[in-house]
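Working notes for the structure below.
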Amino acid sequence: MPAASTTLRVLAASVIASLSVTGCQALDDANVTLGRSDLVNDLAARMDRALEQTWAADYQLDGGRTASIAQTKKPLRSTYTWPGGKITVTQESVTRCASTAARTSCTVSPPVLTAGKPSVIVYDEARKQGLVTPPAVIRLLTDAALAPEAVIEQSDTTLAGRHATCVDVTHDGERFAACVTNEGVLGSFAGTLDGKPAEVTLSRYTESVEAGAFAVPAGAGVVDRRPATS
């Protein structure tokens with residue numbers, strides 16, 4: 001899997017290149033185009049930088065459910081917890097947990113090369129669960145920015161005590177809204193993701209992370225599939 005930083009930068013660069021070379025058009029159209037590319041580039045850069053920092057965030061999901069993300073720079077590790085599951089990636093292992101009403105089971109696998117960003121694997125796993133992730137939001141923004149007929153409106157707000165830049169996008173008959181904090185953390189999203197309605201709102205953000213955030217849930221059954229060391 002390509003590193004997240006490379007993917008996001010390529011997406012942002014593609015938007016700038018594609019929207020800057022637009023042929024003959026009115027000045028007003030050119031200004032709108034430049035605004036779109038600048039906005040996508042800024043949001044992509046914020047999220048990219050956040051993948052390398054230490055922070056923790058709690059989210060409110062649709063239906064009253066909750067989720068949380070935490071990561072640290074030293075040591076490199078990242079975790080995403082959602083209703084019914086959790087994945088934690090460190091330099092020593094990848095731990096996947098699944099919970100039911102009866103019990104929680106975790107499987108520990110060997111570590112995977114993450115190009116210095118364990119959150120890449122975490123977000124990929126979360127995406128498979130239908131959860132909103134920063135890379136998924138960037139993809140939607142990029143697709144909209146590349147579409148001349150898309151309408152992108154920008155605004156500002158405060159979420160969990162943090163300033164955030166927000167965009168309201170109408171594109172191809174669909175609409176979504178997303179906010180990104182100054183720290184590069186996803187502040188909110190409401191719309192359709194992979195054909196399904198999705199909603200998430202930041203409820204707490206901190207630049208410190210509790211060590212227990214990366215531990216397996218209390219009472220969980222654990223199967224360690226890493227090779228035994230002599």
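The values are calculated or read from the model by the stated rules, or taken from the named source; none is laboratory data. In this text the structure is predicted, and so the values were computed from the model without any measurement. Here the Cβ is made from the backbone with ideal geometry for all residues, glycine too, and neighbour counts use every protein chain on show.
Residue count for segment 39-96 satisfying the condition of being assigned to a strand (DSSP E or B), hydrophobic (A, V, I, L, M, F, W, C) and in contact (Cβ under 8 Å) with a residue 40 or more places away in the chain: 8. Regarding segment 190-201, can at least one residue be identified that is of a type in the set (Gly, Ala, Ser), closer than 16 Å to LEU43 by Cα, in a strand (DSSP E or B) and free of Cβ contacts under 8 Å to residues at least 60 places away in the same chain? Scanning segment 190-201 turns up no residue that is of a type in the set (Gly, Ala, Ser), closer than 16 Å to LEU43 by Cα, in a strand (DSSP E or B) and free of Cβ contacts under 8 Å to residues at least 60 places away in the same chain. Report, by residue number, each residue of segment 97-108 that is assigned to a loop (DSSP other than H, G, I, E, B) and within 29 Å of GLY195 (Cα to Cα). Of everything in segment 97-108, those that are assigned to a loop (DSSP other than H, G, I, E, B) and within 29 Å of GLY195 (Cα to Cα) turn out to be THR100, ALA101.
No other residue among ALA144, ALA50, ALA150, ALA44 is of a type in the set (A, V, I, L, M, F, W, C), surrounded by 14 or more Cβ atoms within 10 Å (Cβ to Cβ) and at pLDDT 85 or above apart from ALA50. Residues that are surrounded by 10 or more Cβ atoms within 10 Å (Cβ to Cβ) and polar (S, T, N, Q) do occur in segment 203-225. Looking at VAL200, is it closer than 30 Å to THR100 by Cα and within 22 Å of the chain's Cα centre (by Cα)? Answer is yes for this residue. Take ALA198 and tell me if it is at pLDDT 90 or above and crowded, with 20+ Cβ neighbours inside 10 Å. Criteria not met by ALA198. Let me spell it out: the conditions are (1) without any contact (Cβ under 8 Å) to a residue 60 or more places away in the chain; (2) in contact with a Pro (Cβ under 7 Å, 6 or more places away or on another chain); (3) not hydroxyl-bearing (Ser, Thr, Tyr), and LEU186 meets all of them except one. Which number is the exception? Just one mismatch for LEU186, condition (1). Here GLY212 clears all of (1) out of contact with any helix residue (DSSP H, G or I) (no Cβ under 9 Å at 6 or more places or on another chain); (2) part of a strand (DSSP E or B); (3) free of Cβ contacts under 8 Å to residues at least 60 places away in the same chain except the condition numbered (2). Of the set (1) touching a Cys at 6+ places or on another chain (Cβ under 7 Å); (2) surrounded by fewer than 17 Cβ atoms within 10 Å (Cβ to Cβ); (3) not aromatic (Phe, Trp, Tyr), all apply to LYS128 but (1).
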